[in-house]
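Every number in this text was worked out from the coordinates using simple rules, so none of it is lab data. Computed from a predicted model, the values in this text were never measured in an experiment. Because the Cβ atoms are built from the backbone with ideal geometry, glycine has one as well, and the counts that use them run over all protein chains shown.
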Amino acid sequence: MKTTSDFLKMKSKEDKITMMTAYDYPTAKFAEEAGVDMILVGDSVGMVVLGYDSTVLVTMEDMIHHGKAARRGATNTFLVVDMPFGTYHGNIDQSLANAVQLMQKTGAQAVKIEGADDVIPVIERLTFAGIPVVAHLGLLPQSAGVLGGYKVQGKTAEAAQKLIEDAKKCEQAGACAVVLECIPYQLTAEISSNLTIPTIGIGAGSTADGQVLVFHDLVKYGSHHIPKFVKEYANVGEPILQGIRQYVEEVKSGIFPSLEHSFTMKDEQLNQLYG
Ligand code: KIV
Ligand code: NA
């Protein structure tokens, strides 16, 4: 399994880091088989799997449930679990207890938390306790209500400057990587060259040290809104829908199940049964 020092080496060798979300056993298994460097059990599970319209409703129990399933599917891949909304603000001891619980119950290698400002001491505290922390800056889905929606961040010189400083603070606090979401690629380049730790971009251009995408977006699985920055690598939704439609049709018309998909009793036994 790769470690945080492998990711530092990858950055220094300009070897791009690949990350993808997975929330269950089969997807995590596919990700590992395909050679994904890091798996993220993102709280995006709330939107793409549980059908919520934001990540705010996702709980510790949800993250543990999905984290355990993903872990079972990918026993040999660096696994990052998102700390859900409201579990790492306020009381720092409670934040640490929550992070410890996520690590111990899921077997993850790291946790991810959104933001800077009051989150910086949390990064420091968790790191000091031995928990690798992935920071997350730019568009913060857990703060979409405060940000006024899912918008590109860091477009003004002032906002960009704040993000450059925040990223540096995350690194200084001990973060092992930083996810940059929905920011201009020029800003991603600036932040990445300022840091020793790798940046993992999503909607942040090719100038990040790695990329992350939501599994359900990249294979088009589900009917949720797909953001502009996603490339469609597969469209599994279509064959799935087609398959289910045909199943329904064939049951109604008596085509399924045929003898081929049925079990048979020998004539001799049948004769005995009916005398
Ligand atoms: O939850 C998630 O999928 C994420 C990615 C967008 C980085 O946090
Ligand atoms: Na997330």
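Here is how the numbers come out for the structure above:
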read-out	value
Reference-scaled alpha-carbon Rg (2.2 N^0.38 Å with N residues) for region 4-235	0.92
Region 4-235 - percent relative contact order, Cα under 8 Å, separation 6 or more	18
Region 4-76: proportion of alpha-carbon pairs further apart than 20 angstrom, %	38
Gaussian network model of the chain, Cα within-10 Å springs - most flexible of Glu232, Glu260, Glu158	Glu260
Reachable lysines from Lys162, criterion Cα separation under 17 angstrom, eight or more residues apart if same chain	Lys151
Residue-count net charge about Glu158 - beta-carbon cut-off 13 Å; Lys, Arg +1, Asp, Glu -1	0
Those lysines that a straight Cα-Cα span of less than 20 Å connects to Lys220, excepting residues fewer than 8 apart in one chain	Lys29, Lys228, Lys231
Span-rule helices in the chain, defined as complete DSSP H runs reaching 18 Å or more along the axis (Cα) with Kyte mean at least -1.0	92-106, 157-173, 237-253
D (Stokes-Einstein, µm²/s), Kirkwood Cα radius, region 47-164, 1.002 mPa s at 20 °C	141
Within the chain, helix-based [θ] at 222 nm, where runs of 4 or more DSSP H residues each add -39,500 (n - 2.57), nearest 500	-13000 deg cm²/dmol
